[in-house]
Amino acid sequence: MARIVEDRPTDLAFEPDEDDREFRRTIRPMPTPAQRRRLERAARAAAKQSYSPYSKFRVGAAILTESGRVYAGCNVENASYGLCNCAERTAIFTAAAAGERRIRAVAVYTPTKQPTLPCGACRQVINEFGPDAVVISVCDSARRFETTLPELLPHAFGPKDLA
């Protein structure tokens, strides 16, 4: 079994004990407070670029890659609703197009009173590039939600399942 090494919910790190023979996850450093603030600012700014004429729900996202770069994205709607793209996926696809392959953290901003977490499709795409990513959701109030992708998408299907 893994045990929690640090109490703070935003900085969970796990250390294997003797019974945990399958523990193989590499612990990556958590985003610093400055990186978290940078991600949140980028997500808020990206929401202003949202193309959301149908829902009027402006969403912005920003991702921190393993290289330390931040990529932002907004939601893009389409009259054929199934062709809409979420902010998180826009940011991730932009990073992938730039050659990035690892995500450390994702921040999502919604203009709501409660933070909104990524949808299932976005969680799956985050898993492709950041299976241990930190996920931060912020909104117009002081409320925020911070967790990790394994908490949001336990037992995720990913590249390891195709081997």
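Bear in mind these aren't lab numbers, they're just calculated from the coordinates by the rules spelled out. None of these values were measured; they are calculated from a predicted model. We place every Cβ from the backbone using ideal geometry, glycine too, and count neighbours over all the protein chains shown.
Modelled spin-label separation between Q124 and S67, with each label point placed 7 Å from Cα along the Cα-to-Cβ direction: 2.7 nm. In this structure, R101 and R144 have a Cβ-Cβ separation that, at R0 = 35 Å, corresponds to a calculated FRET efficiency of about 0.80.
Partners of K160 within straight-line reach, counting lysines whose Cα lies under 22 Å from its Cα and excluding those fewer than 8 residues away in the same chain: none found. Dipole magnitude for the range 30-153: about 420 debye, using +1 per Lys or Arg Cβ and -1 per Asp or Glu Cβ, origin at the Cα centre. The stretch between L117 and R37, if pulled fully straight at 0.36 nm per residue, gains 27.0 nm over its current Cα-Cα span. The trypsin sites (Lys or Arg not before Pro) of the range 103-163 that meet both conditions, a loop assignment by DSSP and at most 16 other Cβ atoms within 10 Å of the site Cβ, are K113, R143.
The loop-placed GluC sites (Glu not before Pro) in the range 43-110, going by DSSP, that have at most 15 neighbouring Cβ atoms within 10 Å of their Cβ come out as E66. Could you name the lysines whose alpha carbon sits less than 16 Å from that of K48, not counting residues in the same chain fewer than 8 places away? List returned: K56. When only alpha carbons are used to place a centre, the range 59-75 and the range 125-159 end up 13 Å from one another.
Multiplying the residue separation of Q49 and A156 by 0.36 nm and removing their Cα-Cα distance gives an extension gain of 35.4 nm. Semi-axes of the equivalent ellipsoid of the range 30-153 are 20, 17, 13 Å, computed as sqrt(5λ) over the eigenvalues of the C-alpha gyration tensor in descending order.
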